[in-house]
1. Out of all DSSP beta bridges with both ends in region 1-144, state the antiparallel percent to the nearest 5.
2. Looking at the square roots a ≥ b ≥ c of the eigenvalues of the Cα gyration tensor of region 120-165, which shape do they give, rounded for a/c under 1.5, prolate if a/b is larger than b/c, or oblate?
3. Can you give the angle from 0 to 90° between the axis of helix 41-52 and the longest principal axis of the chain, with both taken from C-alpha atoms, to the nearest 10?
4. Quote the charge dipole size of region 1-60 about the Cα centre in Debye, to the nearest 20; the model charges only the Cβ of Lys and Arg (+1) and of Asp and Glu (-1).
5. List the pair-distance distribution P(r) of the chain, using every Cα-Cα distance, as the percent of pairs falling in each 5 Å bin from 0 up to the bin containing the longest distance, rounded to whole percents.
6. Arrange the following residues from fewest to most other Cβ atoms within 10 Å of their Cβ: 28, 140.
7. Between helix 66-75 and the chain, what is the angle of the helix's C-alpha long axis to the longest principal axis, kept within 0 to 90° and rounded to the nearest 10?
8. Could you give me the ³J(HN,Hα) list for region 76-92, computed from phi with Karplus coefficients 6.51, -1.76, 1.60 and θ = phi - 60°, whole Hz, x at Gly and Pro?
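Taken together, the values in this text are just the output of simple stated rules run on the coordinates, not laboratory data. Everything quoted here is computed from the prediction, not taken from an experiment. Reconstructed Cβ throughout: ideal geometry from the backbone, glycine too, with neighbour counts over all protein chains shown.
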Amino acid sequence: MDPLRVALAHIRLLVLDADGVLTDGAIYWSDRGEAGLAFHVRDGWGIRRLIEAGFLLAVISGRRSEALAGRVQALGISHLHQAVEDKGATLANLQASLECGVMETAALGDDEPDLSLFSRAAVRLAVADAHPSLLQAADYVTRASGGRGAVREVADLLLAARSPA
């Protein structure tokens, strides 16, 4: 059996970065500040399916964004951590509070700050357009770019891993 599928079958917690994963990384800025972010509807559908299937989801972002907070709330993701400097430490605290170990955690990222998430995850996932450091460290690289269906691709993989082969 495929080792990635075996590892995915044990996952209970999926941790997502925001900028460059849930979005394409573009920040729309006006003279009044952040004007908005774009999210892909297919990613949202994949997240909803994971929540319905009993997965735990968390978003850990290095930036603070009201647009992100609104999207996360609308999707029903109960764990949002923003303006995080040490994503790995935040993930360790979250894992402890959820009683969810490293072997039950997958992380999806796009840039160097997400490497600390990888250190706390059994399955390390990178979006197609991730920084080379993440591409090299990843167990799986999505075909889709960040903000363009990569989260949905991961959701489909996780759901398929729970299904009989």
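1. 15
2. Working: a/c = 2.75, a/b = 1.44, b/c = 1.92.
Because a/c hits 1.5 or more and a/b fails to exceed b/c, region 120-165 counts as oblate.
3. Helix 41-52 sits at roughly 50 degrees to that axis.
4. With Lys and Arg at +1 and Asp and Glu at -1, about 320 debye.
5. Binned Cα distances yield the sequence 2, 9, 20, 23, 23, 14, 5, 2, 1, 0, 0.
6. Lowest count first: 28, 140.
7. Roughly 40 degrees, rounded to the nearest 10.
8. x, 6, 8, 10, 10, 10, 10, 6, 8, 8, 10, 5, x, 5, 4, 5, 4
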